[in-house]
Every structure is written in structure tokens, then in C-alpha cells.
Amino acid sequence: MAENAKPPPQLELFNSMTKKKEPFEPLVEGKVRMYVCGVTPYDFSHIGHARAYVAFDVLYRYLKFLGYEVEYVRNFTDIDDKIIKRANEAGETVTSLSSRFINEFLLDMAQLQCLPPTCEPRVTDHIEHIIELITKIMENGKAYAMEGDVYFSVDSFPEYLSLSGRKLDHNLAGSRVAVDTRKRNPADFALWKAAKEGEPFWESPWGRGRPGWHIECSAMSAHYLGHVFDIHGGGKDLIFPHHENELAQSRAAYPESEVKCWMHNGFVNKDDQKMSKSDKNFFTIRDIIDLYHPMALRFFLMRTHYRGDVNHSDKALEIASDRVYYIYQTLYDCEEVLSQYRGENISVLVPVEEQGMVNKHHSEFLESMADDLRTTDVLDGFMDLLKAINCNLNDFKKLQQKLEQQKKKQQQQKQQKQKQQQAQKQPEEFIQAMFALETEIKNKLSILGLMPPSSLAEALKQLKDKALKRAGLTEELLQEQIEQRAAARKNKQFDVSDQIRKQLGSKGIALMDEPIGTIWRPCEPESE
């Protein structure tokens, strides 16, 4: 982090309950308690899941950067109608199927560099707490039992719909279950569901059954974080009915229950429609990272503010991939040049211009993140520093070449050398400038979870391998085309060489003619 005496700006977060940005003040100084609704593990996770968990990972990382001790709980809904149906179809147990997809989800999160939460509870490990909470709600007269089912009575809770702002007469029954005509009010929702033949069940005061969808998060958030905690998050599709029902249940049991800040991320859209499994217009995380580097997907998701809807397209992913490649290539080139100087004790100060850029970037990074996590502006803000690194690299190499020439003709060019030393930065100043720029970029990328887990060299190779796969090429086939182009140029068949370059450019492969020969790098596909 750049040296800066000023404390970071006050963090402000948008509260879905109050519908406005508010200063974030944790209930306990220095500590944050955060609950984020997790997945129902019956299949591979889709890009919408990546959207939510990258968004809250950014928040988690930034809170930790600010010095908070964060208790982050994210659950698994490992018992559900969809899991039961899928397990029956696959001829395996509910536990086997849900555990398998939990492990797959965790692999996806690791690929996207989402830090593991403090705790990842499963519903089936908390049936006792769920039954206790339902019992408390019933004791308070806010729920009723009927033939082994238990329903929450929305009429008994005047605050109902305070989070979503909906009107009760517009309220429809939850989308996961058919309407039950036995309910006192069609809006009443299940806290406990009587067991059906062949389904998993647990013993309860109301007979054998299993929890309803919403009660689980009320029980687990209270168990791990208490009845009052700082942040509750999830996708905006959870505002109603899930979070609305959570809030009602929790307060019906314990009136003091409160979430200080409700946070919700936007959808991922495909052709301006919400991406969802039910509409069969979704991509799994595996689908995407099969063709794009996981950091390109993370970058793509962070390019849109967490509350906005992300519009998925191949072009947007190509642009994100190209940007990530540029960042890593610039840092790699910088590392290569600086590697021989890292052990040296250089007494020269960082040049004023570059130090000013670093200080400005640091300040603007903090301001953007403090303003409800404006990652779009943060990612754009890296470009000036990256350009500055490349300018310093180019000028440094030119200066080194000049100095080498001057050494050979030292006596003849003594005056010219003195003039140049007065007119431009010395080698030590270039080195210090690049150290400062590199450190600032790497520190901020680390806070955002965008530094590659491996070396920069390995990440660049992975990005190139993905680009070849998207282009339908192998390294060998590409080299053949590069050689064909070189032969065409040698024979002055420039129309042929231009056509090869254009065809590769349309596939996302850019050719660059260097003194050492023709090299290639991934690029955003050019239109032919």
C-alpha cells in the first residue's frame, strides 16, 4: 500500500432495506459479521452463482484490508425438492449427490479466487436449531401446524414485505412449491414440510418431515452470528420471497432480530434475459473457464458494479481476457527487468511524477471502494499505471542502449553524455519508478483477488492456451501459419502475408514482428 497518512474514507454500502447508501458502522468495533445465502447443490454452479460470490468476496477482501476481523458465513441448502428429484433420477442418495456438487462448487470458488468463508454450514447439520426456531415462532403465535406441515402466518406479522416493498395483495405463493389450499392465507409459507413417501426426513414435534426453504437461513445465521448482525447478502432475486420470509421468521421468534445492512447483487443476463437454470439459458462456471482464464471471468464480473446486471457475451469476455493479459504481461515485463535490481540498496527517491501517480491511484482506489465498492472505476484506474510502466520500460531500455554505446566511445561523447544526464532520468530513477508502480498495482490487484495464484509466466501461458483453444488452433498449427507468412513476406507476397495475419486476428491471435522474429499474443478478435 502506498504511504499515506490519511485514513481510508468512510465505507458506504447500499442498504436494500432503506434503499440508500449508508455509512457502514459495525455493531462491534473492529469486527464484522456477514451472512451470504449459498447454493442448492444439485448441479454444477452457473455464472450467476459466480456473480454473487465474487461480489461478496470483493466485499470480504476489502473489509479485511480495512483491518476488520470478519466472520463470514455462507450456507449450503443440502436438502431441497430439486436435490431429492435429481438424486432419485441418478439413483443415488441425497447426501451423496449434494456432497458431490458441494465439492464441485468449492473447486469453482477456488478457481475464481474467492476466499473460503469462516464457516460453511449445511442445513442437514442444523435440523435441531431449525426445529427450535419453529417451536419459538409457534409459541409466539406466528405459525400454525396442519397435518404435519407448519406454516408461517403472514397476517400475524404486520411488518411483512417491509424489505421488498411489495403489496400483500400482489403477493404470490413461493415459486418452489405448488399453492396449498389448506393455508389460512395464500401468502403463508412453509416452515416445516411433512415427509412424503421415499423422501429423507427428520423427527419433529409435528411428525416426520424436513425444513421449508426459508427457515434454514434464519436458524443458521442466528446460530453463528447472533440475532443481530451486520450484513446479510445474496442475489436480488432473493429479496422476495427468501429474505422477506427470513426477516419475518427471525423477528417472529425474536423481536430484537435485526440485520443492519441488507445487500443484493444484480443478475447475469443473456440477451437481456435473466440467466437461470429453469429457462435453460445459463452457462456453468465450468463452461466459461474451459475457454477463458478464471481471472478473466472474475475481471469480467467485476467490470459491472455489483448491484447492476451483468450482460454476458463472448465479446465482453474477450475484452476482459485481453485486459487481464495486458496487465499480467506488463507486470511480467517489469519483473524481468527489475529482477537483477531487487537486492540492491538504491538510495535514489522515486521520481516525483511516478510517486504522484502512485499516490493518486491509491487515493482514488480507496475512494471508489468506499463508495459502495465501485469496482468498475477501480479496474479502469489501473490503466494509467500500466501505461507508465511500459513507458518507463521502453525509455529505460533505450537509455541502457545509449549508455552502452557511450561507454564504447566515452572520450568522444563525454559532453553529450553529460547533457543527456541532465535532461533525462538516470537508470536508478527508472528502476525506482518501476518498483513503485509495480508495487502499487500488485497490492491493489491482491486486494481485489486478481493476482494470479501461480507465477505471472504461468498465468500468461494459461491465457495463451485458452486463446488457442478458442481459435481452434494448436501451438504447432499456429507456428506453421507464422512460417507461411514469413515465407510470403520474404517472397514479397504481401497480400498473402496480410491475409494470414487478418485471419489469425479474427480468431483472437495477434502477430507482432520483433527483431527476434514474429511473436504472438491473444487479442480481442478483429472483424475481418
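The values are calculated or read from the model by the stated rules, or taken from the named source; none is laboratory data. Please read these numbers as outputs of a predicted model, since none were measured by experiment. Glycine also receives a Cβ, built like all others from the backbone with ideal geometry; neighbour counts cover every protein chain displayed. Surface areas here come from the heavy atoms of the whole protein model, side chains and all, with no ligands, DNA or RNA. Shrake-Rupley method; radii C 1.70, N 1.55, O 1.52, S 1.80 Å.
Mind listing whichever residues of segment 297-356 are in a loop (DSSP other than H, G, I, E, B) and not assigned by the TED database to the domain that holds Asn392?
Residues satisfying the conditions are Arg303, Thr304, His305, Tyr306, Arg307, Gly308, Asp309, Ser313.
Sort through Leu468, Leu450 and tell me the only one that's modelled with pLDDT of 95 or more and either open to solvent by 10 Å² or more (accessible area, probe 1.4 Å) or farther than 30 Å from Gly67 by Cα (or both).
Leu468
Could you tell me whether segment 512-524 includes any residue that is part of a helix (DSSP H, G or I), open to solvent by 40 Å² or more (accessible area, probe 1.4 Å), in contact with a strand residue (DSSP E or B) (Cβ under 7 Å, 6 or more places away or on another chain) and of a type in the set (A, V, I, L, M)?
No, every residue in segment 512-524 fails to be part of a helix (DSSP H, G or I), open to solvent by 40 Å² or more (accessible area, probe 1.4 Å), in contact with a strand residue (DSSP E or B) (Cβ under 7 Å, 6 or more places away or on another chain) and of a type in the set (A, V, I, L, M).
How many residues does segment 485-501 hold that are open to solvent by 90 Å² or more (accessible area, probe 1.4 Å) and in a helix (DSSP H, G or I)?
Number satisfying all stated conditions: 4.
Looking only at residues in segment 68-105 that are more than 20 Å from Pro200 (Cα to Cα) and open to solvent by less than 60 Å² (accessible area, probe 1.4 Å), which one is farthest from the chain's Cα centre (by Cα)?
The qualifying residue farthest from the chain's Cα centre (by Cα) is Tyr68.
Looking only at residues in segment 13-32 that are over 24 Å from Gly266 (Cβ atoms) and in a strand (DSSP E or B), which one is most open to solvent (accessible area, probe 1.4 Å)?
Lys31
If you check Trp206, Trp192, which single one turns out to be over 30 Å from Met295 (Cβ atoms) and in contact with a Pro (Cβ under 7 Å, 6 or more places away or on another chain)?
Trp192
Say we look at segment 253-264 and pick out the residues that are without any contact (Cβ under 8 Å) to a residue 40 or more places away in the chain and out of contact with any Ser or Thr (no Cβ under 7 Å at 6 or more places or on another chain); which of these is least open to solvent (accessible area, probe 1.4 Å)?
Glu258
Each row is one residue, and each column tells you yes or no for (1) in the same structural domain as Glu147 (by the TED database); (2) surrounded by 24 or more Cβ atoms within 10 Å (Cβ to Cβ); (3) modelled with pLDDT of 95 or more.
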site: Glu203; (1), (2), (3): yes, no, yes
site: Ala219; (1), (2), (3): yes, yes, yes
site: Lys236; (1), (2), (3): yes, no, yes
site: His243; (1), (2), (3): yes, yes, yes
site: Arg251; (1), (2), (3): yes, no, yes
site: Gln273; (1), (2), (3): yes, no, no
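Please specify each residue of segment 330-339 satisfying the condition of being more than 25 Å from the chain's Cα centre (by Cα) and open to solvent by less than 60 Å² (accessible area, probe 1.4 Å).
Matches in segment 330-339: Asp333, Cys334, Glu335, Val337, Leu338.
Quick grid of which residues meet (1) at pLDDT 95 or above; (2) surrounded by fewer than 20 Cβ atoms within 10 Å (Cβ to Cβ):
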residue	(1), (2)
Met302	yes, no
Tyr306	yes, no
Asp309	yes, yes
Ser321	yes, no
Val324	yes, no
Tyr328	yes, no
Tyr341	no, yes
Glu344	no, yes
Leu349	no, yes
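Do we find that Leu133 is under 30 Å from Asn15 (Cα atoms), part of a loop (DSSP other than H, G, I, E, B) and either out of contact with any Pro (no Cβ under 9 Å at 6 or more places or on another chain) or open to solvent by less than 30 Å² (accessible area, probe 1.4 Å) (or both) in this structure?
It is false that Leu133 is under 30 Å from Asn15 (Cα atoms), part of a loop (DSSP other than H, G, I, E, B) and either out of contact with any Pro (no Cβ under 9 Å at 6 or more places or on another chain) or open to solvent by less than 30 Å² (accessible area, probe 1.4 Å) (or both).
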